[in-house]
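Report on the following structure.
What follows draws every value from the coordinates through simple rules; no lab data is involved. Nothing here was measured: the structure is a model prediction, and the numbers come from that model. So basically every Cβ, Gly included, is an ideal-geometry build from the backbone, and we count neighbours across all protein chains shown.
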Amino acid sequence: MSDSQAEPPSQAEKSPRVGTELRSETRSLAETWFGREVAPGESINAELQITESYSGRNISIPIRVIRGGEPGPSVFVAGALHGDELNGTGAIRSLLSDREFVVRRGTTVMIPVLNVLGFERHSRYLPDRRDLNRCFPGNASGSMAMRMARVIFDAIVLRCDYGIDLHTAAVRRTNYPSARVDFNNEQCMRIAKAFGAGVILDGKGPKGSFRREATAAGCPTIVVEGGEVWKVEPSVVETMTRGIINVLKELGMVDGQPDVPVNQVRIRTTKWIRAERGGFLDLHVAPGSTVVSGQPLATNSSLVHEDQNRLEAPFDGIVIGMSTLPAVQPGEPVIHLGKLASPNSAARVERNTQADELQRTTQAHLSTNVQVTEPGKLSRPSSL
Ligand SMILES: [Zn+2]
């Protein structure tokens, strides 16, 4: 461990939330982040040492700390906690190169790649095959993954007031952008709504996940998922950059009002529709499509195109994720459907999506990653 690394403060010493008075002595003083002093209005590149290599060298996470000239909350934005999920990395790098991105108040901690060891191997996992996103808050005397998680948790989460954790779908799948958040946590809901992904899913997240444990430790954190692994997809990156800026605007750290869709759909129940037979799929829906109960989602046929069976929507819903690999075996997940209340709500969600230019563009872009056909036909419908 680096001896220059600052000792994390206790919960009581964390900076207060927006709307509360900051202690006067902190207003003009330098803050220490990752062993370096950061004066008001200053931006620095820092390194957080998380472990050591087999050859005994330091392994560190590169981080940009951007401090506004005025006091305000501290917010972390993390990409690639799964080392192969790069849309968040693309979004953070896009903001870091944007001269018009100015943080006026508080401190923004930008982490393009949180899981550097997975990233170096183009892998979701750590070299010991552990999922870092199940190891929080970590343990300083535990496994390599648990120790890394503890360093990250102490140096970043316990220093911040809010967090944004950027992900994609898992390998061979794509996700329509959505924020994932505990609907019962007001602070999380506030930043999820401000992010403006268009779709907000309920849930605390798995035990040991970054956002669940960060939120439990007093740092309300949301996950945003969009697109595929190993890619930087323009419309997903734009959704994420708009969302990060929106959250910082909501918290008063960046000037201006959040630019969010007028209506965002909230989903409490989701279901993976799974293949019943082995074979090749003709998909009839795209990421972000709305469907009504009984609507065909995919037709499964043999390689010489003898129909095996058809998968249908079990309820009115919206496609929040789907497989991009059309070859399936029984039980494999095909379509991840978010449940809507009625055919009317499906129609309303469709209208709202089409009314938001970014969501409309994102839906069109993501639908080009899969071949979408009408049931009974091999050709693409002209509307796509
Ligand atoms: Zn992930």
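Worth pointing out:
- Length gained on full extension, Arg360 to Arg310, computed as 0.36 nm times the residue gap minus the Cα-Cα distance: 15.2 nm.
- When peptides 95-108, 289-302 are ranked by their average number of other Cβ atoms within 10 Å per residue, the highest-first order is 289-302, 95-108.
- Put in line by how crowded their Cβ is, counting other Cβ atoms within 10 Å and starting with the fewest, Val232, Val372, Val254 read Val232, Val372, Val254.
- When the helices of the chain are scored as -39500 (n - 2.57) per DSSP H run of n ≥ 4 and the total is divided over every residue, the value at 222 nm lands at -6500 deg cm²/dmol.
- Antiparallel bridges, percent of DSSP beta bridges restricted to the chain (to nearest 5): 70
- The separation of region 306-367 from region 129-170, counted between C-alpha centres, amounts to 32 Å.
- Positive-end residue of Pro343, Met144, Ala192, charge dipole of the chain with Cβ unit charges: Pro343
- For Ser289, the amide hydrogen comes within under 5 Å of the amide hydrogens of Val319, counting only partners 5 or more places away or on other chains and with H modelled in the peptide plane.
- Applying a threshold of 25 Å to the alpha-carbon distances of Lys231/Lys339; Lys193/Lys339; Lys204/Lys271; Lys207/Lys231 flags Lys231/Lys339; Lys207/Lys231 as lying beyond it.
- Region 223-237-region 63-104 distance, computed between alpha-carbon centres (Å): 16
- Cβ-derived FRET efficiency at R0 41 Å, Gln371 paired with Ser55, nearest 0.05: 0.30
- Two-site label geometry, Asp98 and Ala39: point separation in nm, points 7 Å out along Cα→Cβ: 2.8
- Computed about the Cα centre, the dipole magnitude for region 71-115 is approximately 260 debye when only Lys and Arg (+1) and Asp and Glu (-1) carry charge, each at its Cβ.
- Placing +1 on each Lys and Arg Cβ and -1 on each Asp and Glu Cβ, with no other charges, gives region 11-250 a dipole about its Cα centre of roughly 320 debye.
- Distance between modelled label sites at Thr32 and Ser342, nm, 7 Å Cα→Cβ extension: 6.0
- Val224 sits among other residues whose Cβ lies under 13 Å from its own Cβ, and their net charge, with Lys and Arg +1 and Asp and Glu -1, is 0.
- Surrounding net charge for Asn184, when Lys and Arg each add one and Asp and Glu each subtract one, Cβ distance under 9 Å: -2
- Burial ordering of Trp272, Trp230, Trp33, fewest other beta-carbon atoms within 10 Å first: Trp230, Trp272, Trp33
- Multiplying the residue separation of Arg277 and Glu70 by 0.36 nm and removing their Cα-Cα distance gives an extension gain of 68.5 nm.
- Unit Cα scatterers, Debye sum, region 269-367: log10 I(q)/I(0) for q = 0.16, 0.19 Å⁻¹: -0.66, -0.87
- Loop-located trypsin sites (Lys or Arg not before Pro) in region 126-169, at most 11 other Cβ atoms within 10 Å (DSSP): Arg129
- Summing Lys and Arg as +1 and Asp and Glu as -1 over all other residues whose Cβ lies under 15 Å from the Cβ of Gly118 gives a net charge of -1.
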